[in-house]
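Trainee: Questions regarding the structure given below will be posed in turn.
The values are calculated or read from the model by the stated rules, or taken from the named source; none is laboratory data. In this text, all values refer to a predicted model and were calculated from it rather than measured experimentally. Neighbour counts are summed over all protein chains in view; Cβ atoms, including those assigned to glycine, are modelled from backbone coordinates with ideal geometry.
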Amino acid sequence: QSNKIEKAVSAAHTFLQKNPKHEMTLRYLNYYRTMLDVDEYLVDLEAQPYEPIFVRSVKLYNNGDFRSSAADMEQALAEYYKAYEDCLAGCEGAYELQEFKDFYPAIADHFVSVLQCKVDCETELTPNVGGYFVEKFVATMYHYLQFAYYKLNDVQDAVRSVSSYMLFDPGDTVMQQNLVYYRFHRERWHLREEDFEPRPEAVRYHNQTAAQKKMLEFAREYLQDDDEMEVDGAEGPELDLPSDSEFEGEGDYEEGFFAEWWQEPKTKGDKDDQGYQ
């Protein structure tokens, strides 16, 4: 019995990582707390490899161990990119038809479905730390790297981390000022122009995610129709309808029939949107 409760605690905790405001699961977890000390069983069964490394790196940073923090953050970054590529690969493959359509509309639906899955990878891989989702997770890792390398007097890597961060959040005024500061003192640290370029893996990831979002937007606008048989919305010429007097008295006449056009509704659902402070 005790073993089942421990597993239930881990399962509930895992579910709450992606659904932190789910009231029923929160109540279950509070109930389990009355039965045993649950802290040691609060394990995320679906945690990605980079998540505990990221948390450890942040703790090391806060403790002033910048060298170990930078090493762990670099490892977390590499593990994240690997998980991202695995997620993209998982979006390919067999496709379950939801409805029967002509060939080209069916291909368009498949294309949109794959693109949506790839765009969702960024959200799916966002970790939950202390009940908050780490917004702009990749940018956040470069943010920590910039400060850690600066503390280690490794200005070249600090500058490249700033430039990488700016790909994802170009409006960050603090980072803009940091970049101006590094440029002003470039001779002091013997910095070259290429040192101000973002890191290659950051450029690749940024361009890839941006392109996928643009392609998805284009595909939804131009490749998908609400209905394969679109009805022209233009109204036809008005007809001269017979007056009531023509139907007065005895006689047979045919009643008019009106065709009711309808549009088949879309069947695809939306996922819930899910912040880190």
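Trainee: Condition first: touching a Lys or Arg at 6+ places or on another chain (Cβ under 6 Å) and modelled with pLDDT of 50 or more. Can you find one or more residues in segment 212-225 that meet it?
Mentor: Yes: one or more hits.
Trainee: Follow-up question, since we're still on this one. Give segment 98-128 a look and list any residue that's of a type in the set (A, V, I, L, M) and in contact with an Asp or Glu (Cβ under 8 Å, 6 or more places away or on another chain), or say none. Give the steps one after another, and end with the answer.
Mentor: At the first step, the residues of segment 98-128 found to be of a type in the set (A, V, I, L, M) are 106-108, 112, 114-115, 119, 125.
Answer for segment 98-128, where residues must be of a type in the set (A, V, I, L, M) and in contact with an Asp or Glu (Cβ under 8 Å, 6 or more places away or on another chain): just 114.
Trainee: Using the structure shown, decide if residue 160 is touching an Asp or Glu at 6+ places or on another chain (Cβ under 8 Å), in a helix (DSSP H, G or I) and not hydrophobic (A, V, I, L, M, F, W, C).
Mentor: yes
Trainee: Test residue 106 against the criterion of being assigned to a helix (DSSP H, G or I) and either within 18 Å of residue 196 (Cα to Cα) or in contact with a helix residue (DSSP H, G or I) (Cβ under 9 Å, 6 or more places away or on another chain) (or both), and give yes or no. Quick ask: steps written out before the conclusion?
Mentor: Numbers: assigned to a helix (DSSP H, G or I): yes; either within 18 Å of residue 196 (Cα to Cα) or in contact with a helix residue (DSSP H, G or I) (Cβ under 9 Å, 6 or more places away or on another chain) (or both): no.
No; evaluated as a whole, the condition is false for this residue.
Trainee: Cβ-Cβ under 8 Å, sequence separation 6+ or interchain: first residue in segment 111-124 and assigned by TED's automatic domain parsing to the domain that holds residue 135, partner among the small types (Gly, Ala, Ser) and surrounded by fewer than 16 Cβ atoms within 10 Å (Cβ to Cβ). Which pairs?
Mentor: Note: pairs meeting the criteria are 117/90.
Trainee: Considering 207, 153, which residue is at positive phi and not aromatic (Phe, Trp, Tyr)?
Mentor: Every option except 153 fails the conditions.
Trainee: Just wondering, is there one or more residues in segment 76-92 that are within 22 Å of the chain's Cα centre (by Cα), modelled with pLDDT under 90 and within 28 Å of residue 210 (Cβ to Cβ)?
Mentor: Checking segment 76-92: at least one residue is within 22 Å of the chain's Cα centre (by Cα), modelled with pLDDT under 90 and within 28 Å of residue 210 (Cβ to Cβ).
Trainee: Then there's this: For the subset of segment 60-74 comprising residues that are under 28 Å from the mean Cα position of the chain (by Cα) and charged (D, E, K, R), which member is nearest to residue 158 (Cα to Cα)?
Mentor: Looking at residues that are under 28 Å from the mean Cα position of the chain (by Cα) and charged (D, E, K, R), I get 74.
Trainee: OK, next. What is the number of the single condition among (1) at pLDDT 50 or above; (2) over 31 Å from the mean Cα position of the chain (by Cα); (3) exposed (fewer than 14 other Cβ atoms within 10 Å of the Cβ) that residue 182 does not meet?
Mentor: Just one mismatch for residue 182, condition (3).
Trainee: I'd like to verify a number: residues in segment 109-142 that are within 22 Å of residue 221 (Cβ to Cβ) and assigned to a loop (DSSP other than H, G, I, E, B), how many?
Mentor: 0
Trainee: Okay, next question. Here is a list: 191, 152. Which entry is surrounded by fewer than 15 Cβ atoms within 10 Å (Cβ to Cβ), under 30 Å from residue 65 (Cβ atoms) and out of contact with any Cys (no Cβ under 9 Å at 6 or more places or on another chain)?
Mentor: Every option except 152 fails the conditions.
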